[in-house]
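Following: one structure in structure tokens, then a few remarks.
The values are calculated or read from the model by the stated rules, or taken from the named source; none is laboratory data. Since the structure is predicted, the reported quantities are computational estimates derived from the model, not experimental observations. Here Cβ is always computed from backbone atoms with ideal geometry, including for glycine, and neighbour counts include all displayed protein chains. The protein model used for the area step is the full one, side chains on, heavy atoms only, and it has no ligands, DNA or RNA in it. Shrake-Rupley method; radii C 1.70, N 1.55, O 1.52, S 1.80 Å.
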Amino acid sequence: MRLIRCTLKVLKEAGVKPVDAVASSSRPEELGNWYANLIRIEKRKCLLFTNEKTLYTFLIPKVLKRNVVNIREEFITHLAYNLQFEGFGTDMVQKAGHEYQEIALAKTESRSVLGSMNEFAFKYEFFICRAGGLDSVKILAVNKKINRTPMSPLKYKYPIDLLHEALA
């Protein structure tokens, strides 16, 4: 079973109690667990997802409470959209989707991942503002750009490169 490690904001908005998560290990060819945070851009709620292993990140803008309540389905749907936009084939998208057939929600654990998510949140706000705001931004293109930023916790590798390695 895979985990989405949620901040307290997400857990409260979703109205769920987190599971007591034991450390789950993943094989090198798997993506593993994700982190979720609820941020605000232009006074609108947005869900930010970051993979704990690769720091691959994507944002779902303008979410409503029902989107957060259905966070598992939102995650799987938008992960597939982003992988397709990144150029992954149907087989890789299905492989990733298969890994997340069972998802539980747990509390966050890694301060390093949360710090990276805060950095991503600032970058999203900048790119969205630069694109003319939430109503005119092409979020898949911004997600793609964000994942081509070298990250210190990854020894200045790109999240997209590590994602390719994990799905290869």
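With mean projected area of the Cα convex hull in nm² in mind, check (1) 9.0; (2) 12.1; (3) 9.6 and report the label derived from this structure.
Among (1) 9.0; (2) 12.1; (3) 9.6, the one calculated here is (1).
With +1 on each Lys and Arg Cβ and -1 on each Asp and Glu Cβ, and nothing else charged, work out how big the dipole of the stretch 1-112 is about its Cα centre, in Debye to the nearest 20. Show your work: numbers first, answer last.
Details: 18 positive and 13 negative charges, 151 e Å.
It comes to approximately 720 debye.
Nearest 500 deg cm²/dmol is fine: what mean residue ellipticity at 222 nm does the chain get from its DSSP H runs of n ≥ 4 alone, each adding -39,500 (n - 2.57), divided by its residue count? Provide the component values of the computation, followed by the final result.
On the way: 7 runs with 74 residues, N = 168.
-13000 deg cm²/dmol, from helical runs alone.
Calculate, in nm to one decimal, what Lys107 and Leu8 gain on full extension: separation in residues at 0.36 nm each, minus their alpha carbon distance. Mind showing how you got there, number by number?
Working: separation 99, 0.36 × 99 = 35.64 nm, distance 0.74 nm.
Computed gain between Lys107 and Leu8 is 34.9 nm.
For the stretch 83-160, report the accessible area per residue in Å² (1.4 Å probe, heavy atoms, rounded to an integer). Please report the intermediate quantities before stating the final value.
Numbers: 4540 Å² over 78 residues.
Value returned for the stretch 83-160: 58 Å² of accessible area per residue.
List the residues whose amide H sits under 5 Å from the amide H of Lys157, counting only those 5 or more places along or on another chain, with H placed 1.01 Å from N in the peptide plane.
Here Met151 satisfy the definition.
Relative contact order for the chain using alpha-carbon pairs under 8 Å, separation at least 6, rounded to a whole percent? Working shown, then result.
Numbers: 240 pairs, mean separation 49.5, N = 168.
Contact order relative to length: 29 percent.
Restricting to DSSP loop positions (anything but H, G, I, E, B) with no more than 15 other Cβ atoms inside 10 Å of their own Cβ, which trypsin sites (Lys or Arg not before Pro) remain in the stretch 34-118?
Counting only loop positions with at most 15 other Cβ atoms within 10 Å, the trypsin sites (Lys or Arg not before Pro) in the stretch 34-118 are Lys43, Lys62.
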